[in-house]
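Heads up: the structure comes next, in C-alpha cells.
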Amino acid sequence: MAKQDKKWLQRQEKDPYVKQARESSYRSRAVYKLSEIDKRDQLIRKANTVVDIGASPGSWSQYASEKLHSQGRIIAVDLLTMEPIKKVEFIQGDFTEPSIVKACLEALGEEKADLVMSDIAPNLSGVRNTDQARIINMAELVLDFTTDVLIEGGDLLIKLFQGEGMEQYQKELKQLFQKVMVRKPKASRSESRELYVLARGYKV
Ligand SMILES: C[S@@+](CC[C@H](N)C(=O)[O-])C[C@H]1O[C@@H](n2cnc3c(N)ncnc32)[C@H](O)[C@@H]1O
C-alpha cells in the first residue's frame, strides 16, 4: 500500500466523525458538516425542493431526505454513481457539461429550488494556482445554475477553498443575496482550506 494511502486509512480509523457516520448509516462523514450548518441556520427545514451538486456517495442527500417533509424532493448530481435514496432523483454526469446541467433543469421542470447545496470538489492537479482557478470556475458554474433555478428568498450553500478569487466570489454573492455568511463546521478539518459559504435570501 502506498504511504499516502496508509496515512489516509490511519486517519479515517481515528476520526470520530467517520465512526459516528458508520454507526448512523450515513455514507460519509461529510454529513456532519451539513448537519452542523443546518442545526445552526435551519436550512433544510424551510426547504421543499433541494438540488445537491457533487452528491455522491450521498450523505448530504440522505440527511436532506430525512429532514424534508413527504412531498419534498432532491435532485442530486455527481460524476460517480450513487445508491438510491428516498425522495432523491439522481443524475450521473459531469456538472461542467451543458447536457448534465440541462438534465438537472429538466428534472426540476416548472419547479424552482428552495435550496441549492454544493459540496462539489473538482479533481485537483496539486498545482495550487491551477486548482484554485478550477475551484472558482466550478463555483461560477454552480452560481449560474443557481440563479436559473432558485426561488426568490431561496438559499445557496457552497463549499469553497480559501484562496484567490474567493473574495470576489463572495462579493458577487452579496449582490444577489440578502445575507452571505461563512461557515467552518467542526467536521471540516482545521488544516484544510475548505469552508462553506451560505448565501441566504435570493433577490432574483
Ligand atoms: C466531497 S464529495 C461530496 C460528498 C457528499 N456531499 C456526501 O455527503 O456524500 C465531492 C463530490 O464531487 C464530485 N464531483 C467532482 N467533480 C464533479 C463534476 N465535474 N461533476 C459532478 N460531480 C463532481 C465527486 O465525484 C465527489 O463525489
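The values are calculated or read from the model by the stated rules, or taken from the named source; none is laboratory data. Predicted model, so just to flag it, every value in this text is computed and none were measured. In case anyone asks, the SASA skips ligands and DNA or RNA and just uses the protein heavy atoms, side chains included. Shrake-Rupley method; radii C 1.70, N 1.55, O 1.52, S 1.80 Å.
Along segment 14-25, what does the Karplus equation 6.51 cos²θ - 1.76 cosθ + 1.60 (θ = phi - 60°) give for ³J(HN,Hα), rounded to whole Hz, x for Gly and Pro?
8, 6, x, 6, 5, 4, 4, 5, 4, 5, 9, 6
Could you tell me which of rounded, prolate or oblate describes segment 3-202, using a ≥ b ≥ c as the square roots of the eigenvalues of the alpha-carbon gyration tensor, with rounded for a/c under 1.5 and, failing that, prolate when a/b is larger than b/c and oblate otherwise? Intermediate results must be reported in sequence, preceding the final value.
Numbers: a/c = 1.41, a/b = 1.15, b/c = 1.22.
Because its axes are fairly even, with a/c under 1.5, segment 3-202 counts as rounded.
Run the reach check for Lys7 against lysines, Cα to Cα strictly under 30 Å, same-chain hits fewer than 8 apart removed. What comes back?
Partners found: Lys19, Lys33, Lys159, Lys184, Lys186.
Using only the Cα atoms of segment 16-123, build the gyration tensor, take square roots of its eigenvalues as a ≥ b ≥ c, and label the shape rounded, prolate or oblate: rounded if a/c is under 1.5, else prolate if a/b is larger than b/c, else oblate. Can you show the working numbers first?
Details: a/c = 1.84, a/b = 1.27, b/c = 1.45.
Judged from the Cα gyration tensor, segment 16-123 comes out oblate (a/c at least 1.5, b/c at or above a/b).
Please list 3J(HN,Hα) in residue order for segment 92-97, calculated via the Karplus relation 6.51 cos²θ - 1.76 cosθ + 1.60 where θ = phi - 60°; whole Hz, with x for glycine and proline.
So the J values, rounded to whole Hz, are 9, x, 8, 5, 7, 8.
Cα to Cα, under 13 Å, and not fewer than 8 places away if on the same chain: which aspartates and glutamates meet these conditions relative to Lys171?
By straight Cα distance, Lys171 reaches Glu140.
Which percent of the accessible heavy-atom area of segment 52-101 goes to carbon and sulfur, probe 1.4 angstrom? Please report the intermediate quantities before stating the final value.
Values: 1270 of 2400 Å².
Carbon plus sulfur share of accessible area: 53 percent.
Please turn the phi angles of segment 103-110 into ³J(HN,Hα) values with the Karplus equation 6.51 cos²θ - 1.76 cosθ + 1.60 (θ = phi - 60°), one per residue in order, whole Hz, x for glycine and proline.
Each residue of segment 103-110 in turn: 4, 5, 5, 5, 5, 6, x, 6 Hz.
Please work out the average accessible area per residue across segment 48-145, using the 1.4 Å probe convention, and give it in Å². Don't skip to the answer; put the middle values down first.
Details: 4720 Å² over 98 residues.
So segment 48-145 comes to 48 Å² accessible per residue, rounded to a whole number.
For the pairs Lys67/Lys179; Lys46/Lys87; Lys14/Lys174, note any where the Cα-Cα span goes beyond 28 Å.
Numbers: Lys67/Lys179 23 Å; Lys46/Lys87 16 Å; Lys14/Lys174 39 Å.
From Lys67/Lys179; Lys46/Lys87; Lys14/Lys174, over 28 Å: Lys14/Lys174.
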